[in-house]
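The values are calculated or read from the model by the stated rules, or taken from the named source; none is laboratory data. Computed from a predicted structure; not experimentally measured. When we count neighbours, we look across all protein chains shown, and the Cβ atoms used for this are built from the backbone with ideal geometry, even at glycine.
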Amino acid sequence: MKKKRSNFKLYFDRALSNNLSKQALFLLGVLFVAFWVSFGMLELAGSDWKVYCDEHGISKFIFPLYLLIDGSAFNNLYMSGNVGRYTLIISGLVYFVGFMVFTGMLIGVIGNAIENRVDKYRSGLIHYLKSGHYVVMGYDDLVPSIITEIFAKDPKADILLLTSADVNNVKEKLRKAVPHENLPRIIINYGHRTTTEYYKSIHLETAEEIYLVGNRTMSAHDAINVQCVDSICYYLKKKNLDYKPKRITCVFEDIDTYAAFLTTDIFKKVHDMGIDFVPYNFYAGWAKQVLVTRSYIESSDFTTKVVYPAVYGDGIVPGDKRHVHVVLVGATNLADMFAMEAAQLLHFPNFAHDSSTRTTITFIDLKADTEMPLFVTRNRHFFEVQSYRYRDLSADKGEDKVFEAEFAKEKKTDFLDVSFEFVKGDVFSKKIQDEFAKWAKDENQYLSIFLTMTDQRNNFAIAMNMPEEIYNYGIPVFIRQDKTDNFVTNLRESDDREIIYATVNDGKLSEVKRKGRYAHLFPFGMNDLAYCVDEVSLKRAKLINYLYNTADYSTFRFTTRDVLEKIPSEEIWAEAERLWKPLTVANRWSNLYSADNIPCKLASIRAMRGLDPDDASRDTENLPEDMAEELAMTEHNRWTVEKLLLGFRMAHTYEDKYANAEFAKELGKNKKLFIHHDIRPYEDLDIVKNLDYEIVKAIPWIVQMTYSITPLPRTTGSLSW
């Protein structure tokens with residue numbers, strides 16, 4: 001094999017281009033060589049220059065250096081008149097070399113140093129932040145909303161953004177999305193989030209919080225983020241420091257990956273290090289903003305931009321004949337997550353009196369027949385208990401079929417207050433349009449339509465061309481928009497005015513007030529406004545966990561409100577935080593779903609008291625016994641759906657502790673295998689049903705304890721998951 005030659009030029013250029021210290025060292029080396037060459041030449045020129053040095057007190061070894069670097073040295077020598085011609089010639093040559101080489105090279109080195117530093121800054125290769133900063137790893141359209149959220153809770157925050165994308169492009173995107181005054185507090189560094197070599201430079205171990213974002217458009221996004229969490233754990237364990245980040249928020253794009261992290265404690269090692277691990281999903285985040293917080297935040301000034309209407313109207317009371325009907329157009333990940341969130345939240349007390357009032361969630365898509373099995377399989381334990389309906393409106397002779405729950409052959413099923421319907425058809429077709437019109441005119445339902453198709457243009461086109469009944473009856477239509485909400489928001493605001501609608505029947509004039517055609521169109525799903533932390537629900541979840549942990553399980557009763565109010569609130573919050581920390585991710589989410597449902601229950605409570613839906617004046621009053629009992633059945637329905645969607649299943653007869661009371665203790669251990677014996681109708685429960693009653697009775701106290709907590713855009717306190 002031919003031997004490779006060493007390339008001196010390559011090594012030389014590479015060394016000088018990569019390291020400023022090597023450039024300075026090279027300059028000193030040239031100076032050293034020039035000094036000894038100059039000294040030798042002066043020795044050959046004679047001794048008169050030595051006499052000059054003695055007369056002026058200059059060292060003979062310093063004089064050559066003096067000529068090389070001091071511009072006035074040769075002039076002083078020449079003006080003395082005591083040196084010969086050869087000495088002047090040699091000294092002139094030395095001076096010329098020093099002037100041409102060292103002055104120019106020194107300026108070049110300094111200029112190059114400045115240019116190098118500017119290039120490194122622009123490329124994100126200079127590191128400034130040492131501790132107390134927030135680290136965001138990766139960049140996509142979700143990052144501006146994360147940055148907005150960080151500044152909302154900590155206006156003086158320092159944020160370090162680590163990305164392998166072009167730093168200048170990222171800076172340009174942030175200039176469009178982040179208020180100008182906050183840009184200086186954002187430092188962008190180049191690096192790969194899975195490579196631990198970069199962690200030391202960004203001081204990951206002393207960061208306040210870490211947000212793992214990545215780029216959700218990449219196919220391996222979730223797997224890379226999981227790898228990144230492993231890398232962070234390895235790095236922090238190796239450091240073995242007392243101080244660590246408080247929280248790691250990890251973005252997952254795929255809803256199945258996200259669901260896995262909700263139901264299992266895969267990253268227990270993160271918790272064992274004293275760090276909170278929070279999984280986040282774009283679709284779930286938007287579902288919560290629309291259905292729970294019912295608003296989103298303007299990134300430029302942290303104010304609430306849009307307030308969404310409640311899909312349950314002014315609240316539903318026992319005996320109400322109306323039910324909630326959520327229609328999702330487009331079988332997409334966004335639609336699936338909205339359906340699951342709606343099933344978790346939309347539970348009402350009228351179902352106990354009339355099973356026809358159960359919440360209905362309808363999917364409409366041309367591929368409903370192929371998408372339905374995936375959704376059913378993904379939530380198999382729910383559909384083992386509850387039947388579902390499929391309709392084909394894509395053909396003249398379509399199919400209309402009800403699929404029976406799998407447990408129907410051995411147990412009572414269809415006791416849930418939520419049901420699903422899958423409709424195959426083109427949303428632009430007359431059959432589907434006629435369905436919209438029929439649903440809008442139905443006085444027994446609260447209809448809301450969500451356009452979740454991936455094509456933003458199709459969403460907008462169908463929203464602008466709905467049947468007249470949708471606009472006339474003020475049906476809320478939610479339009480998925482990828483980039484900006486401005487057009488839809490401006491369109492709605494321009495039509496948000498009362499107009500007199502007049503009709504004549506039998507010669508009599510009647511007039512009613514209506515709003516404009518597009519007054520009920522609402523945008524959602526924008527990429528840069530997705531990330532939002534609901535501080536109120538989080539605080540309420542911690543109180544709910546506190547109540548369950550301090551309950552008397554011999555009677556299944558909570559600590560009474562009278563006793564709770566005698567305990568200083570500071571002690572309760574401290575204990576609530578302590579009890580929260582060891583919880584698994586699954587148990588935290590269970591408490592969060594319970595907290596998220598409180599606004600829905602409050603709407604029913606206000607309606608039952610005859611109050612306006614926004615009248616919170618009596619929210620902290622104790623509930624009457626009959627009202628609490630009505631809502632207790634509702635709470636059990638909510639809890640059952642939550643458990644089924646989180647992966648628990650109903651027990652078969654042969655493993656059911658209620659059906660085999662003599663082996664109840666042994667069979668009860670099956671709960672660790674996600675078999676829950678209390679997934680059954682409310683009336684079939686034993687004393688454990690007291691817990692449903694107790695959590696409802698506790699709502700006024702929970703509201704009172706969180707009454708002073710405002711949403712993040714108006715708070716500066718930190719938030720601990």
Looking at residue 238 and the list (1) at pLDDT 90 or above; (2) more than 24 Å from residue 583 (Cα to Cα), which single condition is not satisfied? (1)
Please work out which one of (1) out of contact with any Cys (no Cβ under 7 Å at 6 or more places or on another chain); (2) in a helix (DSSP H, G or I); (3) touching a residue at least 12 places away in the same chain (Cβ under 8 Å); (4) in the same structural domain as residue 205 (by TED's automatic domain parsing) is the condition residue 238 fails and give its number. (3)
Which residue is surrounded by the most Cβ atoms within 10 Å (Cβ to Cβ), if the candidates are limited to region 364-389 and must be under 12 Å from residue 419 (Cβ atoms) and aromatic (Phe, Trp, Tyr)? 382
Given the criteria small (Gly, Ala, Ser), modelled with pLDDT of 85 or more and either within 18 Å of residue 533 (Cα to Cα) or surrounded by 17 or more Cβ atoms within 10 Å (Cβ to Cβ) (or both), does residue 138 qualify? yes
Inside region 253-288, the number of residues satisfying the requirement of being modelled with pLDDT under 90, more than 17 Å from residue 588 (Cα to Cα) and either within 18 Å of the chain's Cα centre (by Cα) or surrounded by 21 or more Cβ atoms within 10 Å (Cβ to Cβ) (or both) is 6
Any idea which of (1) in a loop (DSSP other than H, G, I, E, B); (2) in contact with a helix residue (DSSP H, G or I) (Cβ under 6 Å, 6 or more places away or on another chain); (3) not charged (D, E, K, R) is the one residue 523 doesn't satisfy? (1)
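To keep it simple, each residue is scored yes or no on (1) free of Cβ contacts under 8 Å to residues at least 60 places away in the same chain; (2) within 17 Å of residue 288 (Cβ to Cβ); (3) assigned by TED's automatic domain parsing to the domain that holds residue 144.
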residue	(1), (2), (3)
555	no, no, no
563	yes, no, no
582	no, no, no
594	no, yes, no
612	no, no, no
Scan region 507-520 for residues that are free of Cβ contacts under 8 Å to residues at least 60 places away in the same chain and part of a loop (DSSP other than H, G, I, E, B) and jot them down. 507, 516, 517, 518, 519
Do we find that residue 310 is outside any helix (DSSP H, G or I), within 30 Å of residue 150 (Cα to Cα) and out of contact with any helix residue (DSSP H, G or I) (no Cβ under 6 Å at 6 or more places or on another chain) in this structure? yes
Is one or more of the residues making up region 267-283 in a helix (DSSP H, G or I) and within 30 Å of residue 351 (Cα to Cα)? yes
Return yes or no: is residue 508 surrounded by 15 or more Cβ atoms within 10 Å (Cβ to Cβ) and either in contact with a helix residue (DSSP H, G or I) (Cβ under 7 Å, 6 or more places away or on another chain) or not assigned by TED's automatic domain parsing to the domain that holds residue 697 (or both)? no
Per the filter on region 653-666, residues under 42 Å from the mean Cα position of the chain (by Cα), within 22 Å of residue 408 (Cβ to Cβ) and assigned to a helix (DSSP H, G or I) are 653, 655
Just to be sure before I move on: is residue 503 surrounded by fewer than 21 Cβ atoms within 10 Å (Cβ to Cβ), out of contact with any Gly (no Cβ under 6 Å at 6 or more places or on another chain), modelled with pLDDT of 90 or more and not in a helix (DSSP H, G or I) in the structure I sent? no
Farther than 24 Å from residue 677 by Cβ, of a type in the set (Ser, Thr, Tyr) and either touching a helix residue (DSSP H, G or I) at 6+ places or on another chain (Cβ under 6 Å) or not in a helix (DSSP H, G or I) (or both): is that true of residue 620 in this structure? yes
Which fully enclosed strands (runs of 3 or more DSSP E) of region 348-441 have 3 or more residues being touching a Lys or Arg at 6+ places or on another chain (Cβ under 9 Å), farther than 24 Å from residue 258 by Cβ and touching a residue at least 24 places away in the same chain (Cβ under 8 Å)? 388-392, 418-424
